[in-house]
Structure formats: C-alpha cells, structure tokens
C-alpha cells in the first residue's frame, strides 16, 4: 500500500511538472499587474492572481535602473499583502508567482515604485510648503509675527517673500511683483520678523524650498495673509523645533536641541533644568538650572555632555543681542524623559551618521534624519557627531556599559579614514570595541561603511579627503565582512564610481532622509539573521 501511494505521488509530481512546462493552461503568459495604495507608510499591494496553485514573492529593491540590490523579500499565498515599513523613494518592487518546479511561473511584473502619492497630491507633486501658524483678523499678530511652515525633505534652506498684495503668480517659482521684502537667510522652517515700523495692518507671505545651489525644489507656498495689531504687546520668544517628543523616540545620549530663531537675536542662551522653571516668560536663570550654554551661531545646540541619568528634564532658550542683553524672554520649557529601558535591547554606536542630521542644515533634533526613527525594534542612540573610531573606543565604558544592550549596532571609522588614519588602525580600534562587547555579554553587530563623495564634502565643508580613501574604506569593510555578525550597507550606496550619490547625501557624507530610510530598511531586513 505504501509503495502504491508513493508511486501515485511520483506520477502526480511528474504530471504537474509537465503541465507547468507544456503551458497547456497558459501559465507562461502570466504577468502580475500591481496596484499600490500607501497611507502613512502602510503599503497595500494587490496584483492579478494566477489561475493555478502557487505562492507569490514580493521583492523590494533599490537603485533601479542603475543597479538592483534586494532590500527584503516577502512570500504569500494571497494575491495581496500589507507592508508596514517606511521605504525610501528609491525603492521599487516586483511580484512573481512560484510553484514547486518553476521560478517564476510566467514572468516577473514590471518594476514599480513602491512610494505613491498620499492624500495631499498637490503638495506632493509641487513640493509646496504649508503655513502652520495663522493670524486672522480675530487673532492678529503683534509687531513680531512668527511665520512657520511644514519642512520639505531635501530643502537646504528657504526663500521667504513678504507681499503687499496676493501674488499674481500662485504655484510658481518666480518672485511676485508685489514683493516688498525677501530673504534667503532662512535655514529652518520658521521666520521671525520685526514689523514695528511697518505702517499697514496686514501683509501676505509665502515661502519656497531651495537646494544647496539655490535652485528651487518646488513652488512657493500658498500666500497667507497676516493681520497685525500694532498695539499688542510683543510675544518674542524662541519656539522649540525639536522632534524627539513628537516622534515618540528616545532622546539620544548626546541630545541636540533646536528652535525657531527670533528677530533681533544674534546669539542664544540654552538652559537645562531638573524641574519646570519657576519663572516662565522671564529672562533670569531658573533655580533648578543644571547647566547653561551660549550658542553664538545657528539655532541648534549639540550637548557635549552625555545625559544618561534617568529622570525628567526641561530645556529652554532665550535670545541675546550683540551686547548680551536679553531679546524677548525664554522659550516655553519643554520636558523630556531620559530612560535607559529602550537600550536594554539594542543601542547604536557611531559618529554623526549614527547621531543623525543631514541635508547640510538639519541636526539630530530633526528626527526624520535619524535612521533609528525607521527601525522596527527599540534602540537607544549612543552616537556622537564628530567621533572617530578612536573616540568611540575611548568612551565605550562610560557610554555603552550603563545600558548593557543585548545588541550593539556599530558603524565607525569614516571620519578617521577620510582624515588620513590608515585602515589598519581603524581595524584595531573596531576590534577593541568588539572585544569589549564580548567580554560584557553584548553582541556586536557591525555595519559596513557607506562610501563618501569627496567633491561634495569639499564644496559644502571646505574639507579635503585623502586621495586613498577608497582603498582604506575597502580594507575596513573587508574586516567587517569577516566578523560573526554584520550587515552590509556599502553596496546599496555605491554608484558606478564607488562614491556616494548626492541623492542620498547632499553634503557627500551625512545621509539625508532617503539614505536614512534605506539604511534602516536594510537593517530591518537583516535583523533576524544577526540576532538569532
């Protein structure tokens, strides 16, 4: 009986093989037609089914048509799948049907971009900012209105126009003939202006995004009217622009704080407190002050002191004029929580690529530029901007061991190598970090180093890169690929010249949003393999 059943099984197998191969039921003509809907990074994929028992493979790749690099693969017996991930715009997908014998049945679908336009199609198509603060006639501004808009990915800075009438050319990139003031000195998504000498009671404004060379990457925003009441007392204080709380991600060990600057301030004083300041809307230090810092350039503060002690903290900032006198009052105190719990599972150790920021003007406070924001598992960010592999090693005991993560994602050496440190020295330092992990029961998971773009680095930072950087990067990456646990990023970010494409890093070094998303998706796709 068993022999008979075995013979039947063999005959059925042979029959199925010849049915699929002979195309008597038209399988070779099958080609999936895909439909994609995307809502808040939830992708719903559906495709035409095959009239045969089969399973389907969904492959997500990047860099089409230059090169195909598989990011992740899904399998399903249904002709649909829902994927909850945040893919970069360079991601494409294709679908194929498979049986026991033929791979694929019929042919692959055409490669299709996985990212699709969301609900606000006009903004997505035109890269048009939207006003976030409004001053209607029943709620007018004082003489110091704060204008704020949605930031645009890839914008290095902005051009703002103040108009005395609605523009004659809406949804355009050209200036309006009604322009009464314009500025390109806008490096964040907000602008404060002094209108104490402006004689009228209203004006219009609009803004557009610019790339590093000053070319527009979209059209002007819709013109917004601002009503002014010159008798109102000014409410002149910086506004927090730090994204950790909104994104619900842990504050990095080395936090960065960002704010919208105010008119008349040439520098800022940052204050960190252990309790809510007792003097809101004031200019005097709080009695709960832990430390303070004067920031003379920009509207970001990179805290160089690690903040690893659990607890609730508060920060605020005030403007100062050239003489050091207060301009307006302190910003509203913003609370944040330091919690070591997320670091119990995984932590990330590295330089500014790990710390966050990109597109020249964005800091780690802009969480869209942090790859941890797109990971599918909890982690704590132990990165520090400017780190070399040597400085990563020197701070390991103080910065990593208090968290004692199960897994430590390590990427370092870029700053060392581009500055002329030989790859052999970087390997010694990475090896020492690995050994420290193993001694303390932490699994080290290395990331290969993405390439850099020396020409862009020179243009943006006026910094030279050693001529032999490619050779030294290759030496270090060869070492990383010999480790027990690693994730290979480098092939996904290398163009035909083995340099970093500008679409991933405007400044040739720090990955922008698309680069950080791609980086995270590669880690997500390989995480199970390196943690089992």
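Mind telling me which of the residues 246, 242, 266 ends up being outside the structural domain of residue 129 (by TED's automatic domain parsing), within 27 Å of residue 318 (Cα to Cα) and surrounded by 20 or more Cβ atoms within 10 Å (Cβ to Cβ)? Steps first, please.
Working: 246 fails: surrounded by 20 or more Cβ atoms within 10 Å (Cβ to Cβ); 266 fails: surrounded by 20 or more Cβ atoms within 10 Å (Cβ to Cβ).
Selected residue: 242, the only one of 246, 242, 266 that is outside the structural domain of residue 129 (by TED's automatic domain parsing), within 27 Å of residue 318 (Cα to Cα) and surrounded by 20 or more Cβ atoms within 10 Å (Cβ to Cβ).
Has the stretch 348-355 got any residue that is farther than 16 Å from residue 520 by Cα, modelled with pLDDT of 95 or more, assigned to a helix (DSSP H, G or I) and in contact with a helix residue (DSSP H, G or I) (Cβ under 8 Å, 6 or more places away or on another chain)?
no
Is it true that some residue in the stretch 210-227 is more than 27 Å from the chain's Cα centre (by Cα), part of a loop (DSSP other than H, G, I, E, B) and at pLDDT 95 or above?
yes
Does residue 305 fit the bill of being outside the structural domain of residue 403 (by TED's automatic domain parsing), under 21 Å from residue 381 (Cβ atoms), more than 22 Å from the chain's Cα centre (by Cα) and assigned to a strand (DSSP E or B)? Give the derivation first.
Values: outside the structural domain of residue 403 (by TED's automatic domain parsing): yes; under 21 Å from residue 381 (Cβ atoms): yes; more than 22 Å from the chain's Cα centre (by Cα): yes; assigned to a strand (DSSP E or B): no.
Taking the combined requirement at face value, the residue does not satisfy it.
Taking the conditions exactly as written (at pLDDT below 75 and closer than 29 Å to residue 371 by Cα), does residue 20 satisfy them or not?
no
Looking at (1) modelled with pLDDT of 95 or more; (2) closer than 20 Å to residue 370 by Cα, which is the only condition residue 272 fails?
All conditions are met except number (2).
The values are calculated or read from the model by the stated rules, or taken from the named source; none is laboratory data. Please read all numbers here as calculations on a predicted model, not as lab measurements. Note that each Cβ is placed from the backbone with ideal geometry, even for glycine, and that neighbours are counted across all protein chains shown.
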